[in-house]
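Throughout, read-outs are computed from the coordinates displayed, never taken from laboratory work. All figures in this text were calculated on a predicted structure; none of them were measured in a lab. Please note: Cβ atoms are built from the backbone with ideal geometry, for glycine as well, and neighbour counts cover all protein chains shown.
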Amino acid sequence: MSKSITIAGAGLVGSLLGIMLAKRGYMVQIFERRADMRTESMLAGRSINLAMSDRGLMALEMAGLAEDIRKIAIPMRNRIMHDEHGGISKQPYGVDDQAINSVSRGDLNMMLMTMAEANGVTIHFNARCQSIDVDSATAVFGEEPNNLQTAQSDILIGADGAYSAVRDALLRTDRFDYSQSYLDHGYKELHIPPTPDGGFQLDKNALHIWPRHSFMMIALPNLDGSFTVTLFLAHKGPVSFEHLTTENAVTEFFATHFADAVPLMPTLLQDFFSNPESSLVTVKCSPWTRNSNIVLIGDAAHALVPFYGQGMNCGFEDCRVLIDCLDYTNDNWERALQLYEHHRKPDGDAIADLAVQNFIEMRDKVADKDFLRRKRIEGFMFKRYPTKFVPQYTLVTFMPNVPYSEAKRIAKEQDVLMARLMNNPIVYNEWESDAGIKIIDDEMETRKELVYLPISPSVY
């Protein structure tokens, strides 16, 4: 095996894929436009904490890294909703001990880069992509006019994020489809520090949400006892960032909508005015491959908004599926890339759509009485009929061998069923009663067991 591989982007996906390919015996070099974050202070304000779920962990297990990564993760077993009056309510994410995991993006990225180098990957920093010859998959990296380096390799992989230079080069080729759409909302990062003795000011094993219908705030725990807080708010409009331009305006806004959180954020004003207001974009494109020697992966192929916590998980799953395709084809890259795109393109589109939908759920519905009732009934049905009914969140988060597109399809079918059941007052009010159970059993008796299309060519 003598193929050489160039990866554009030493972010989470590029670093993990570099490790996987190096362990496979390939000569891998990665070019990263930024400086080495391990030696320079990171820019605050753009680092929404990651919610690592089973999909991401499964890819890390394939690379032999899962246990190392678990050491920097905090399990979150519940959502905790904070209402405008200071009341809280709790929703478990799964059953038994199922959890998603809060991970610092920066800490995880630095660990993966170090592991990549330990496995023989060469990472070039301050190496922005200047040009790409798409026919030969040759790329030029560096800072003009000096220090330019031409990378000639057998395979060029674009893992360079939502504003990918590799994808931009493909955009100039014939019949390349591309779309991007921005939410009207943006985000700003804030901070809840630890207690003086290094403890947590909120429940550390939960993702905290302050849903306010047209906007919301979330908080995820960090190992040092702090929480990374993210405010999601419209860029413009009656309630938006454009009106929060003075300290008085910010103070009044938070006192009105997040009164219980204000005492936890002593640096609120400093954080608000020093951290950037950032945008939220969804990117879809096709094809993801060209000439069997260029391929897009992660956000370069499918940038997601963060509201299902699946951006990193989806990118890591891309890596897992690509490696599985190489296994299946005995490292025939032409066939492997065809299979990779065949399996992953529908899933990239599906999770992009689900992420936008989940924003509405998190913002508007998690404190809604009917929504909470439905979730309780869904949990009851899942426990009673685990092979016939699985909630969408479980399909997406805790079933890593179910493709995202299958999760979306099944959830759409189950929406019809749930609407019918929720309209029955007996089920709505007494779903665990004999009468309620009979109605549900009658519905479920005719339903077939769920069957899922494969996530990739072979079976895990």
In vacuo Debye scattering of the range 368-445, one point per C-alpha: log10 I(q)/I(0) at q = 0.23 Å⁻¹?
-1.10
Residue span D83 to T138: 0.36 nm per residue of separation minus Cα-Cα distance leaves a gain in nm of 14.4 nm
Mind giving me the FRET efficiency for N424 and N205? R0 is 45 Å, r the Cβ-Cβ distance, nearest 0.05 is fine.
0.80
Taking one equal scatterer on every alpha-carbon of the range 182-279, how large is log10 of I(q)/I(0) by Debye at q = 0.10, 0.15, 0.20 1/Å?
-0.26, -0.58, -1.01
Lys pairs under 21 Å by Cα in the range 368-445, provided they are eight or more residues apart or on distinct chains:
11
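Given Cβ point charges of +1 (Lys, Arg) and -1 (Asp, Glu) and nothing else, what value in debye, to the nearest 20, does the dipole of the chain about its Cα centre take? Spell out each step's value before the answer.
Details: 45 positive and 60 negative charges, 101 e Å.
For the chain, the charge dipole is close to 480 debye.
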Compute the distance in nm between two label points, each set 7 Å from the Cα along the Cα-to-Cβ direction, one at D260 and one at Q98.
2.5
Calculate the spin-label point distance for T246 paired with R34, positioning each point 7 Å from the Cα along the beta-carbon direction, and give it in nanometres.
3.6
Can you give me the distance in nm between label points at E445 and D174, each placed 7 Å from the Cα along the Cα-to-Cβ direction?
6.1
Which one of S286, G120, G199 is farthest out on the positive end of the charge dipole of the chain, using unit charges on Cβ (Lys, Arg +1; Asp, Glu -1) and the Cα centre as origin?
S286
